[in-house]
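The values are calculated or read from the model by the stated rules, or taken from the named source; none is laboratory data. Note that the coordinates shown come from a computational prediction; the quantities given were computed from them, not determined experimentally. Here the Cβ positions follow ideal geometry from the backbone for every residue, glycine too, while neighbour counts run over all protein chains shown. What goes into the accessible areas is simple: the full protein's heavy atoms, side chains included, and nothing from ligands, DNA or RNA. Shrake-Rupley method; radii C 1.70, N 1.55, O 1.52, S 1.80 Å.
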Amino acid sequence: MGYGPWPGFVARSKKIIDGEVIYDVTYTIDKKGLRISPPHSKGAQCTLFFGGSYTFGEGLNDSEAMPYVVGESSGGEIQTYNFGF
């Protein structure tokens, strides 16, 4: 149902407006078709993130997307899944 990124895919996205680079980032998609998340500890609690481009982190590198930041800030105690697209 619907569409999403290709599993195991790495894409570069660059946005330029009036000759000015707005962003130049890399999106890494895991084998499940989700944007990558930071490492987590065994038995970590799980948090799912749903949404559109804001949740996905359009214009942000992998480590800057909100779900990634939440997982990283937890010190590996929260396993995050980024279902945004």
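For the range 20-40, a residue qualifies if it is open to solvent by 70 Å² or more (accessible area, probe 1.4 Å) and part of a loop (DSSP other than H, G, I, E, B), and the qualifying residues are 31, 32, 39, 40.
In the range 41-85, the qualifying residues are those that are under 9 Å from the mean Cα position of the chain (by Cα) and of a type in the set (Gly, Ala, Ser), and the one that is surrounded by the most Cβ atoms within 10 Å (Cβ to Cβ) is 65.
For the range 50-64, the criterion of being among the β-branched types (Val, Ile, Thr) and assigned to a helix (DSSP H, G or I) is met by at least one residue. Taking residues in the range 2-23 that are farther than 17 Å from residue 64 by Cβ, and partners anywhere that are among the acidic types (Asp, Glu) and outside any strand (DSSP E or B), the pairs with Cβ atoms closer than 9 Å and at least 6 places apart or on different chains are 7/30; 8/30.
Out of all the residues in the range 65-85, which are part of a loop (DSSP other than H, G, I, E, B), small (Gly, Ala, Ser) and in contact with a strand residue (DSSP E or B) (Cβ under 9 Å, 6 or more places away or on another chain)?
Pass one, the range 65-85, residues part of a loop (DSSP other than H, G, I, E, B): 65, 74-77, 83-85.
Right, trim to small (Gly, Ala, Ser) and you get 65, 74-76, 84.
Correct list: 65, 74, 84.
The set of residues from the range 1-19 being open to solvent by 100 Å² or more (accessible area, probe 1.4 Å) and in a loop (DSSP other than H, G, I, E, B) comprises 1, 3, 6, 18.
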